[in-house]
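Take a look at the structure below.
The values are calculated or read from the model by the stated rules, or taken from the named source; none is laboratory data. Computed from a predicted model, the values in this text were never measured in an experiment. Neighbour counts are summed over all protein chains in view; Cβ atoms, including those assigned to glycine, are modelled from backbone coordinates with ideal geometry. Each accessible area value is taken on the protein alone, full model and side chains, heavy atoms only, with ligands, DNA and RNA left out. Shrake-Rupley method; radii C 1.70, N 1.55, O 1.52, S 1.80 Å.
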Amino acid sequence: MKYFAAYALLPSGLERDVVLDVLDGRFASVTPDGSPDGAARLPGVVLPGSANAHSHAFHRALRGRTQSGADNFWTWRDGMYALASSLDPDSYLALARATFAEMVLAGTTTVAEFHYLHHAPGGSRYVDENAMGEALRQAAVDAGIRLTLVDACYLAGGLDASGHRPLEGPQLRFGDGDVERWAARVASLPPSDGMRVGVAAHSVRAVRHDDLAAVAAVAAAVDGRPLHVHLSEQPAENEACLAFYGRTPTELLDDAGFLGPRTTVVHATHLTGSDIASLGGSRVTVCACPTTERDLGDGIGPIRALHDAGCGLALGSDQNAVIDPFEEARALEMDERLAALQRGRLPLASLTAAMTDHAALGWCDAGRLEAGARADLVAVRLDSPRTAGCDPAEVVFAAGAADVDTVLVDGRVAVEGGHHVIGDVGRLLDAAIAPLWRAR
Ligand SMILES: [Zn+2]
């Protein structure tokens, strides 16, 4: 199949009249200054597929339900726990399928799902110990998105000056008992065509120092396996970690051998200067989740300083109160402007790289419009009320999810004319979410 784009963002920059030849799910060739003859014309400007490096699919059911009150991160978490208690593999499948379909509609071609909803309420095991993970695998297949299932070790219910607390109440279904049983369950989760398995420690609140090292070892045992962790999203995590360990969360992770090029730290909002130097020196990727961080009142992370120190940048929709890669990408720059009282804090190329680089998700052959890469593309309209008149080179500052016209994932058409091939995604979401609230 051959496609023609009047504008396309290639590794060399924005090019004109680009012919993209797709064969067996990959680009056989990508050629600028070509002819549209014999090719299907794509509208607007064509970008690589977006990589969503951090999602909790089930949080999508909280959108527009928990956002108006005067609560804080910790009371929001109580609401999230109540929702988590109501899901089983069937309802999790329906919710994740609809949520992943919304991501594809917005131009996302791979999602890293940070998965900790492992077991049945109370912590008892399903017959298949990975029934909830398998629901995510099926959801991704149905939605036409590639999945990195980032299985998160979650063993403790919190941290304060006296140490870690045991899991309790809704948290019980997150835990495997100990790190060995977590690792054994992850080992029984096979990768498949559209799914890879990554691992995570939920946070320094949920995983003790020695177990952090064990989780890092599970990642290191498999070539290219991503290793993720929530880091310093809230000041209270830093205060508890300092009170108990006498070290910041970053120092603790470094000491446990957790930091390196395969590592992605999510949020990294409240850091010391020495934390920033350590993360940069270790070449970790920082995954910012700007729409979530603003919704939860987390704060603005030192993204420019982390980038300057040597960190790669990635983006995540996290709680999925917003699913819009364009909004996340420009928020990196906009939040920097607010914090620094200065424009032009991050190069445009760094914003598009954060949006499209698939390395943190473990798919190094995706996210580029070039010969040999996986044939993912996103055609963004330039004639919508939002994008009309904009320079195609700056479309990230103008477009939103609703401007995505066509999405290809591994050469397959997932979205055409702004519609997902699965059907009406709004209806799918409503059908998945409404029963969860009726039951409460
Ligand atoms: Zn998260």
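Quick notes
- Zone residues, the range 305-339, relative to residue 431, backbone N less than 15 Å from point 7 Å out along Cα-to-Cβ: none
- Normalised contact order of the range 365-439, rounded percent, pairs of Cα under 8 Å and 6 or more residues apart: 23 percent
- Tensor-based shape of the range 260-394 (alpha-carbon gyration tensor, a/c under 1.5 rounded, otherwise prolate or oblate): oblate
- For the range 321-427, the square roots a ≥ b ≥ c of the C-alpha gyration tensor eigenvalues yield an a/c of 1.5 or more together with a/b not exceeding b/c, which makes the shape oblate.
- For the range 183-256, the share of accessible area belonging to carbon and sulfur comes to 53 percent (1.4 Å probe, ligands and nucleic acids excluded).
- In terms of accessible area, using a 1.4 Å probe and ignoring ligands and nucleic acids, 307, 118 rank largest first as 307, 118.
- Cα centroid separation - the range 168-219 against the range 304-328, whole Å: 24 Å
- DSSP beta bridges fully contained in the range 1-77 are about 70 percent antiparallel.
- Within the chain: Cβ-based charge dipole about Cα centre, in debye rounded to nearest 20 (Lys, Arg +1; Asp, Glu -1): 340 debye
- Assigned charges on the beta-carbon of Lys, Arg, Asp, Glu; the range 100-156 dipole about Cα centre (debye): 60 debye
- Cβ-Cβ distance of residue 394 and residue 421, R₀ of 25 Å, FRET efficiency by 1/(1 + (r/R0)^6): the value works out to about 0.25.
- Cα gyration tensor, the range 64-128 - rounded (a/c under 1.5), prolate or oblate: oblate
- Amide H contacts for residue 53 (H built 1.01 Å from N in the peptide plane; partners 5 or more residues away or on another chain; cut-off under 5 Å): 112, 315, 316, 317.
- Per-selection Kirkwood Rh - the chain (Cα, Å, 1 d.p.): 21.9 Å
- For the range 221-340, size of Cβ-based charge dipole, Lys and Arg +1, Asp and Glu -1, in debye: 320 debye
- Under Karplus coefficients 6.51, -1.76 and 1.60, residue-wise ³J(HN,Hα) of the range 213-222 in Hz, glycine/proline x: 5, 5, 5, 4, 5, 5, 5, 5, 6, 10
- Remark: the residue 73-residue 168 segment gains 32.4 nm on full extension, using 0.36 nm per residue and subtracting the alpha carbon distance.
- Projecting label points 7 angstrom from Cα along Cα→Cβ for residue 37 and residue 192 puts them 4.4 nm apart.
- Surface composition of the range 7-68: carbon and sulfur make up 43 percent of the accessible area, probe 1.4 Å.
- Of the residues 109, 347, 307, the one whose Cα sits farthest towards the positive end of the charge dipole of the chain is 109 (charges of +1 on Lys and Arg Cβ, -1 on Asp and Glu Cβ, taken about the Cα centre).
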